[in-house]
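The values are calculated or read from the model by the stated rules, or taken from the named source; none is laboratory data. From a predicted model like this one, the values you see are computed outputs, not experimental measurements. Here the Cβ is made from the backbone with ideal geometry for all residues, glycine too, and neighbour counts use every protein chain on show. The accessibility values were calculated without ligands, DNA or RNA, using every heavy atom of the protein model including side chains. Shrake-Rupley method; radii C 1.70, N 1.55, O 1.52, S 1.80 Å.
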Amino acid sequence: MQADWQSEPDAASVADTACRLIGVAAKAAIAERGRFRLVLAGGSTPLDTYRRLAHSDQQWKRWSLYYGDERCYPADHPQRNSVLVEATGLPSLAGKHHPIAAELGAKAAAAKYRERIASAMPFDMVLLGIGPDGHTASLFPGCKWPEKTVFAVSKSPKPPPERVTLGPTALQNCRAMLVLVSGSEKADVVQRWRAGEKLPIATVADVPQAKVIVERSCLTVAADQPAAT
Ligand code: 6PG
């Protein structure tokens, strides 16, 4: 497993550390290349990090925000990743904000986003979450993934069934990757990941530039489980 693991005492510390590391990466990227291209993770875990970022001092006009995946809902649906992110205030600060137009339908949105990100890679940083089944973005266990940078997902086990996701090669095409893990409900899947199970998150984050920021309660081994090596 190539990823570097950093444990934090609680979810707030995960968000604090993530916010700090993103800020450091942004300053370096802007100094070296004049811009910072960040892929946002969906779901609820990273929202605290986005709220902290929105209150931090950044060269915002140099920031471009992308998404690792999107749920096929109408553009203003409360469960859209872009709507959840917009509520944190982050996109209104960034110079550029590139939501995935999932309201067009998964296939059309995927084709459009493939064009959108073609000239944005390598990304400076990719943020990822992890689901209890080991999925990340909308890459779910047991699914075949086409060799495309962005593709449509149907029959997602996590609602909604239709989604758009960046593929492993696009998610790995980055200078830095942060996986944010908090919530004791993730302890079992973290244990499976650390035990070597070939989960989607394990595949995607198996790159030298990956760092896992994990809440300590997710590292506790259930009494009847052998400790991770
Ligand atoms: C989504 C996300 C998904 C998420 C994980 C974790 O669209 O649902 O992209 O991959 O990151 O399911 O979700 P939580 O952070 O809400 O636990």
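Exposed loop sites here are trypsin sites (Lys or Arg not before Pro) in DSSP loop states with at most 12 other C-beta atoms within 10 Å. What is the longest stretch of the chain lacking them?
Details: sites that count: LYS144, LYS155, LYS198.
Value returned for the longest uninterrupted segment is 1-143.
With the chain treated as a Gaussian network of Cα nodes joined by springs under 10 Å, which of GLY196, GLY167, GLY131 yields the largest mean-square fluctuation?
The residue that fluctuates most here is GLY196.
At a threshold of 8 angstrom on Cα-Cα distance, excluding pairs fewer than six apart, so keeping six or more, what relative contact order does segment 4-218 reach in percent? Spell out each step's value before the answer.
Numbers: 447 pairs, mean separation 54.9, N = 215.
Taking the mean separation of contacting Cα pairs over the length of segment 4-218, I get 26 percent.
Please check: in the Gaussian network model of the chain (C-alpha springs, under 10 Å), which one of ALA15, ALA170, ALA118 has the largest mean-square fluctuation.
Result: ALA118 has the largest fluctuation of those listed.
Could you tell me what percent of the accessible area of segment 152-208 is made up of carbon and sulfur, with a 1.4 Å probe and every protein chain present? List each step's numbers first, then the result.
Values: 1200 of 2300 Å².
Whole-percent figure for carbon plus sulfur exposure: 52.
Within segment 1-136, what whole-number % of the accessible surface is contributed by carbon and sulfur, with the 1.4 Å probe and all protein chains included in the calculation?
On the way: 2940 of 5740 Å².
Here carbon and sulfur together make up 51 percent of the probe-accessible area.
Let me cross-check ASP124: its accessible surface, 1.4 Å probe, with only protein heavy atoms counted, in Å² to the nearest 10?
For ASP124, solvent-accessible area is about 10 Å².
Which FRET efficiency value, to the nearest 0.05, is calculated for ALA75 and ARG116 with the Förster distance at 22 angstrom and r the Cβ-Cβ distance?
Working: r = 16 Å, r/R0 = 0.71.
Efficiency, from the Cβ-Cβ distance: 0.90.
In nm, to one decimal, how far is the ALA12 label point from the ALA31 one, both placed 7 Å along Cα→Cβ?
Result for the modelled spin labels: 3.0 nm.
If you wrap a convex hull around the Cα atoms of the chain, how much volume per residue is inside, in Å³? Mind dumping the intermediate values first?
Numbers: hull volume 25.6 nm³, N = 229.
Given the Cα convex hull of the chain, per-residue volume reads 112 Å³.
Please find the FRET efficiency linking LYS148 to ARG175, where r is the Cβ-Cβ separation and R0 is fixed at 35 Å, and quote it to the nearest 0.05.
The formula returns an efficiency of 0.95 here.
Per residue, how large is the accessible surface of segment 4-218? Use a 1.4 angstrom probe and give square angstrom.
On the way: 8980 Å² over 215 residues.
Heavy-atom accessible area per residue stands at 42 Å².
Work out how much length GLU86 to GLN59 would gain on full extension: take 0.36 nm times their residue separation and subtract the Cα-Cα distance, in nm to one decimal. Please list the in-between numbers first.
Working: separation 27, 0.36 × 27 = 9.72 nm, distance 1.84 nm.
Value of the extension gain: 7.9 nm.
Among MET177, MET1, what's the order by accessible area (1.4 angstrom probe), most exposed first? Please report the intermediate quantities before stating the final value.
Details: MET177 0, MET1 120 Å².
Reading off the accessible areas and sorting them downward yields MET1, MET177.
Structure shown: which of LYS148/LYS198; LYS61/LYS186; LYS107/LYS211 lie over 25 Å apart, alpha-carbon to alpha-carbon? All intermediate terms of the calculation are to be shown ahead of the outcome.
Details: LYS148/LYS198 20 Å; LYS61/LYS186 35 Å; LYS107/LYS211 31 Å.
As for pairs spanning more than 25 Å Cα to Cα, those are LYS61/LYS186; LYS107/LYS211.
Taking the Cα centre as origin and putting +1 on Lys and Arg beta-carbons and -1 on Asp and Glu beta-carbons, what dipole magnitude results for segment 4-218, to the nearest 20 debye?
600
In the Gaussian network model of the chain, springs joining C-alpha atoms below 10 Å, which of SER82, SER13, SER56 carries the largest mean-square fluctuation?
Maximum fluctuation in the GNM of the chain, among the listed residues, is at SER56.
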